[in-house]
Amino acid sequence: MERLISMLIIVAITYIIGRVILKVIFRSSIMFTMSHLILILIMLVSVDMSLVGQLGQKHVIWAVPLNFAVGTYIFLLIRRKIAKPLQKAIGQVNELSTGNLKLDIEHTNVKNEIGILNNSLANLVEKLNGIISEIQVSANNLNSNSMHLSSISEELSQGASEQASNIEEVSSTFEEITAVIDQNIDKAKETGNVSLAVKNGVMGMIDGLKNAVNTYNEISNYIAGVNDISFQINILSLNAAVEAARAGEFGKGFSVVAAEVRKLADASKVLAQNVSQLSIQNQKEAAGANDSMSKLIPEIELSNTYVQEFIRSNIEQGSSVLQVNNAIQQMNSVTQQNASASEEMAANAEEMAAQAESLNELIKFFKL
């Protein structure tokens, strides 16, 4: 009896020491549970075999079945606590590998590896469900937005192309307007030159008329001198006729000459008067033409000023049209770039839609 008590004490001490060692080594690990159960089985087998040794071989009949029964229970307990949870976790991981996220994994308070694995799988499934759901919503939104963006890009590309075509037409029209304005400028310059030439010609005519008036004045003076000479000749012829009459028979020839001289003087006077009248008339006409020309000078100068202003206005207008044309050319270039960018954006939107569709296909792998 004492040996049995001593053996039980030794087994108890050994069990306590072994359990402490296992606890130190494995702490809360599943290996502690499995090692602890195996330690219990070993201790039980040791006690049974010691009792068989002390009580006799006949006690093997109950000791061996007891050991098998306890061992079976311990291994069934190990299976229930370790193997089945591991198999369940492996099955859940296999389900996850096939994309099945409909797993209902409950959290556990067990602190060993199996409990941690179970809780980790539960957290993983929850996180994956949330992430995949958000990705699915984002993919659907991305697909919808990309389709909308593609539609807008196509409309923008079409509008940019039409705008570019319209701008090209406007640019062509402005080029034609520029060409017409250049022609108008050339014609205006020619008109200005003609107007200036007319002004110079009229000024020359005025100077000529002034010279003609001066010449007519001199002619009038000369004719007045001729009238005076004719008058004096007439007086001299009268005096000569008087003297010839006094001379009697000897003065008849001289009287004839005096009469002829008087006739010539009268004819010269008549001719001088006619020339004087014509000179006076021409003088009046030249003076009138001079006055008319002088009155036209301000009008001609005003017309020339208008022509010069018209030339400057056409030049400024041509410069403005040229600037507008350059701006339109730049706008055309920018519009062409926008059209190209919108086409590229449309292509990117289509590619984005394709990628979103591909993402949706990938997400379909998971079963939520």
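The values are calculated or read from the model by the stated rules, or taken from the named source; none is laboratory data. This is a predicted model, so every value here is computed, not measured. Quick reminder, even Gly has a Cβ in these numbers, built from the backbone with ideal geometry, and neighbours come from all protein chains shown. In case anyone asks, the SASA skips ligands and DNA or RNA and just uses the protein heavy atoms, side chains included. Shrake-Rupley method; radii C 1.70, N 1.55, O 1.52, S 1.80 Å.
Return, ordered by residue number, the residues of region 57-85 whose backbone nitrogen is under 19 Å from a label point located 7 Å along Cα→Cβ of ILE38.
67-85
If ILE40, ILE181 are ordered by their accessible area, calculated over protein heavy atoms with a 1.4 Å probe, which sequence runs from highest to lowest?
Ranking ILE40, ILE181 by accessible area, largest first, yields ILE40, ILE181.
Go through ASP48, ASP228, ASP266 and list them by solvent-accessible area, largest first, probe radius 1.4 Å.
Sorted descending by solvent-accessible area, the residues read ASP228, ASP266, ASP48.
Roughly how many whole Å is it from the C-alpha centroid of region 1-71 to that of region 314-340?
First find each Cα centre; the distance between them is then 103 Å.
Over 23 Å between Cα atoms: which of LYS23/LYS81; LYS81/LYS127; LYS84/LYS111 fall into that group?
In this structure, LYS81/LYS127 exceed 23 Å between Cα atoms.
LYS263: which aspartates and glutamates have alpha carbons under 18 Å from its alpha carbon, excluding same-chain residues fewer than 8 sequence positions away?
ASP228, GLU243
What is the percent carbon and sulfur in the accessible area of region 1-140, measuring with a 1.4 Å probe over the protein chains and ignoring ligands?
The value for region 1-140 is 67 percent carbon and sulfur by accessible area.
Heavy-atom accessible area of VAL64 with all protein chains present, probe 1.4 Å, nearest 10 Å²?
50
Can you give the relative contact order of region 1-116 as a percent, counting alpha carbon pairs under 8 Å and 6+ residues apart?
Rounded, it is 27 percent for region 1-116.
List the relative contact order of region 47-190 as a percent without decimals, with contacts defined as Cα pairs under 8 Å and 6+ residues apart.
12
So what does MET43 come to for accessible area, using a 1.4 Å probe and Å² rounded to 10?
Looks like 30 Å² after rounding.
Over the Cα atoms of region 20-80, what radius of gyration and what Dmax do you get, in Å?
Reported Rg and Dmax, both Å: 13.8, 41.
For MET7, MET331, give me the order by solvent-accessible area with a 1.4 Å probe, most accessible first, ignoring ligands, DNA and RNA.
Of MET7, MET331, the descending order of accessible area is MET331, MET7.
About the Cα centre of region 307-368, how large is the charge dipole given +1 on each Lys and Arg Cβ and -1 on each Asp and Glu Cβ? Please answer in debye to the nearest 20.
100
Which of the peptides 95-107, 159-171 is most tightly packed, and how do the rest follow, going by the mean number of other Cβ atoms within 10 Å of each residue?
So the order, starting with the most tightly packed, is 159-171, 95-107.
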